[in-house]
Amino acid sequence: MSVDASVARLPSLAPTSVRSGGEPARVEAVQDFSLFVRENESGQAEMAFAIEGIDCAACIDEIEDAVEALPGIAQARLNYTSHRLTVAWKKDASAEPGAILRALAGAGYKAYPFEADRAEEMDRTTARHLLRCLGVAGFAMMNIMLLSVSVWSGNVTDITPETRDLFHWLSALIALPAAAYAGQPFFQSAIRALKARSLNMDVPITLGVMLALGVSVFETLNHAEHAYFDSAVMLLFFLLTGRYLDHAMRRRTRAEASNLAALKATSASRLAPDGSLVTVPAAAITPGDMVLVRAGERVPVDGVVVSGTASVDESLITGETLPRALAAGAPIHAGSLVHDGVLHVRTTAAGEDTFIEEIERLLDKAATARGSYVRLADRAARLYAPMVHATALLSLVGWLVAGASVHQAVLIAVAVLIITCPCALALAVPAVQVVAAGTLMRAGVLLNSGDVFERLALVDTVAFDKTGTLTVPEMMLDNARSVDPDLIDIAARLAAGSTHPLARAIAVARPGAVPPEELSEIAGAGVEGELHGIPVRLGSPDFCGCMDLAEAAAAPDASLVAVRAGERRAVLVIRQSLRPDARAVIDQLRRWGKDVIILSGDRPAAVARVAGELGVEDWRGHAMPADKIAVLEQFGAQGRRVLMVGDGVNDAPSLAAASVSISPITAADITRAHADAVFLGERLAPVAAMIAVSARARALMQQNLIIAVVYNLIAVPLAIGGYVTPLVAALAMSGSSVIVTLNALRARSCRVSTADSREAPSP
Amino acid sequence: MNVLIYLLPMALGLGLLGLLAFTWSLRSGQYEDMEGAAVRVLSDDDLDRRVERNMKDMAPR
């Protein structure tokens, strides 16, 4: 069947519910979400949704009640932490995700079908395993401590050797299996490292725990006064706490990231060979499928236009702000916004394959070019492990040379190993990361990677993309002040009846504008109607007879729409306006001594205007993705560390090449995937907040590492001197860990905002 | 010191009980939604039809 035939048959075939009110021309197609429905343990159909707009505890009840009121629902359970709703249908009922989306929309929440990916599922399993290990270590630690305290107090009073042996054996009975179980994460990682012929932090940990336990058993056999079972288990407990925190933070950022993916996931209108139209998630589209894209929609896939003409806004892909006309045979990319007309697109690449070849090639290059950053904790570990082993060995040899017995020397060497085991070191970085990530989340920043704080704190240059980053991605009416308000009212009423993106920019200027009853849309020109008995028009300047006015108002980065009511007429200038606090944030960055530059793919004239308005002297226009990378590489060669902030597909390679990168939530999928962090909202303030919090976080991490070093400077000489009894070891380990954790909590009180305090708080 | 004969098993037994309680709470998913648990306790419309579900899901008895 030819495509044209299917177009002709479309209105009659599309399984339909014509929306009452609004535009009668738009037909809602059948929605097919079967891709997301799965079966749960009890055999019920189950599906997950990411929910937007949850901000209070009452939302839980509202959402669950709204869904459970529907027929056929067995259970709806909202996870308040991850903002996800899991719905299970009764066995005899058929799963209808569409009904749930509608019910939630009725309750005022936007919901998006959501599919947990495999990485997240694995994370969940690991987190549970770590938590179980932590529980076992905690149980063992408490019970052994109960026995140890008895021994310690007995040693200075009147405990009999028999009772002490009993207590030590009981401790061994608890400690050995507990360590075997709870130590798994470290043992496995140490073995992996040794197999790869390298050392990591887990090697000294494993060695320390094993030796401590071995020596303790040996001592117990010889009826000695001291055994180190408590130290070994306590060590595991603190280390597991650090590891769990680290993991929990990465898991949380990943959960946020996949929520974002769900929120952003587009649906596509698939055209079946028989001409029927089905709305499916974009992920269900495969290459070769025909997709219909209407005015005002974003193209969900990469493809080739088969029929139809349209002007298309590709600013998300190239940074170019003026629309481009497309006809049959032209390639089209995911993320393009169709201004007017209807396109039939044959998919060439779908889902995660939606790449532009050039971008893909540059991304590969950028990933290898990115300077490899060694995390603070890793750097500390690389220094630490050999030092610990050397110190232990030296004290063993030293005491033997000094004439101590082998037994005594081994005991001291083990004490050194135990006391130097990096409890505080293991907590120093993750504890700060968790607290700082929480602070940022409240400021509207979601992190993609854990070590972003350390890298961000070192940044000295900030490179901004223009379109969609310094400017808000939506078009806005720019000259509202200089136009007769009455004409804007009329324009807004006419615009409310059109789907053209420029019309939407006008309609939002007067929320609640009602389109006139008589309204006809003239393709490629505008809309026409009658208001209060006067003929009114909205559309291209030519259509409204405003060419003279348009020539006067012409600007390189603006789209012009004319409005005419009788003899009165005006030209409306529509452009992407600057984010409201862009100037304030950039001034703030400069006060902090950062260089600010603008790298844009848009025409130089358009970039110059924005740069002038922001007072940025260093800017490049018409920068291709390769040019942007070249600039970043040049900075890299000068030893500068660059933070790149961008949103377009054309920014993705430079985001990957910069030493740190941030993108707004509205960015293209591939761009967000390569950003280290994503910020929400219309303001630029989160970028400044990130830099402030990161500087603070890095300072705290360094403080914590210093605390750990100071602790070692005090404890190691004691251990070498042979003064470390199990009691001293226990006090030292828990003391340093608590200090480090408390210090990390200070990242919570970091003052975040720059411009926020002056503005009204966001809802 | 004969008191140890029942005191020690009792102490260890209690500890073990705590561990079992923890693993049970872990397995029943109580650590999946920490913030939700904190605010759900405030909602009071769970007295009728939700009693059964809540007992299964979250309330430790």
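No value in this document is a laboratory result; all are computed from the given coordinates. Quick caveat, the model's predicted, so the values are computed rather than measured. Here the Cβ is made from the backbone with ideal geometry for all residues, glycine too, and neighbour counts use every protein chain on show.
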Practice prompt. May I ask you to evaluate 6.51 cos²θ - 1.76 cosθ + 1.60, the Karplus curve with θ = phi - 60°, for each residue of the stretch A:310-316 and list the ³J(HN,Hα) values in order in whole Hz, giving x for glycine and proline?
Written response: 6, 9, 10, 8, 10, 5, 6
Discussion item. Are there any trypsin sites (Lys or Arg not before Pro) in the stretch A:111-205 that are in a DSSP loop and have at most 13 other Cβ atoms within 10 Å? List them by number.
Written reply: A:R197
Practice prompt. Compute the acute angle (0 to 90°) between the alpha-carbon long axis of helix A:357-369 and the principal axis of greatest extent of the alpha-carbon atoms of chain A; round to the nearest 10°.
Written response: 30
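A:L400 to A:L745: extension gain in nm, 0.36 nm per residue of separation minus the Cα-Cα distance? List each step's numbers first, then the result.
Working: separation 345, 0.36 × 345 = 124.20 nm, distance 4.43 nm.
Between A:L400 and A:L745, full extension yields 119.8 nm more.
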Worksheet item: Angle between the Cα long axis of helix A:184-195 and the longest principal axis of chain A, 0 to 90 degrees, nearest 10?
Response: 90
Worksheet entry | Rounded Å value of the spacing that divides the Cα centres of the stretch A:400-443 and the stretch A:546-602 | 57
Worksheet item: Per residue of A:132-139, how many C-beta atoms from partner chains lie within 10 Å of its own C-beta, taken as a mean?
Response: 4
Worksheet entry | Loop-resident sites, the stretch A:557-637, for GluC sites (Glu not before Pro), counting at most 13 other Cβ within 10 Å (DSSP) | A:E567, A:E617
Worksheet entry | In degrees, nearest ten, helix A:202-221 long axis to first principal axis of chain A (Cα) | 30
Worksheet item: Sorted from fewest to most neighbouring beta carbons within 10 Å, what does the list A:L337, A:L680 look like?
Response: A:L680, A:L337
Practice prompt. Please order A:T163, A:T467 by the number of other Cβ within 10 Å, starting at the fewest.
Written response: A:T163, A:T467
Worksheet item: Over the protein assembly as shown, how many percent of alpha carbon pairs lie in each 10 Å bin up to the one with the longest distance?
Response: 2, 11, 18, 20, 19, 13, 8, 5, 3, 1, 0, 0
Worksheet entry | Lysine pair number, Cα distance threshold 25 Å (strictly under), the protein assembly as shown, separation 8 or more or different chains | 10
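Return the FRET efficiency for the residue pair A:E567, A:D627: r is the Cβ-Cβ distance, R0 is 41 Å, and the value is rounded to the nearest 0.05. Display every interim value, and only then the final one.
Numbers: r = 49 Å, r/R0 = 1.20.
That pair, A:E567 with A:D627, gives E of 0.25.
I need the peptides A:490-499, A:527-536, A:426-435, A:405-414 ranked by packing, meaning the mean over residues of other C-beta atoms within 10 angstrom, with the highest value on top. List each step's numbers first, then the result.
Working: A:490-499: 24.0, A:527-536: 15.5, A:426-435: 26.7, A:405-414: 18.0.
With the highest mean Cβ count within 10 Å placed first, the list reads A:426-435, A:490-499, A:405-414, A:527-536.
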Worksheet entry | Inter-chain Cβ neighbour average for residues A:58-65, partner chain, 10 Å | 3
Worksheet entry | In sequence order, calculated HN-Hα J values of the stretch A:431-445 (Karplus, 6.51, -1.76, 1.60; Hz; x Gly/Pro) | 4, 5, 4, 4, 5, 5, 4, x, 4, 5, 4, 5, 8, x, 10
Discussion item. Please list, in order along the stretch A:381-397, the HN-Hα scalar couplings obtained from phi with the Karplus expression 6.51 cos²θ - 1.76 cosθ + 1.60 (θ = phi - 60°), rounded to whole Hz, x for Gly and Pro.
Written reply: 5, 4, 6, 6, 4, x, 5, 4, 5, 5, 4, 4, 5, 4, 5, 4, 5
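Test of understanding: ordering B:M34, A:M733, A:M690 by Cβ neighbours within 10 Å, fewest first, what list do you get? Numbers along the way, then the final one.
On the way: B:M34 12, A:M733 23, A:M690 29.
Lowest count first: B:M34, A:M733, A:M690.
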Worksheet item: Extension gain A:D548-A:C56, at 0.36 nm per residue separation less the Cα-Cα distance, in nm?
Response: 171.8 nm
Worksheet entry | Distant-in-sequence amide H partners of A:T321 (H built 1.01 Å from N, under 5 Å) | A:R603
Worksheet entry | Average partner coverage of B:34-42, which counts Cβ from other chains inside 10 Å | 4
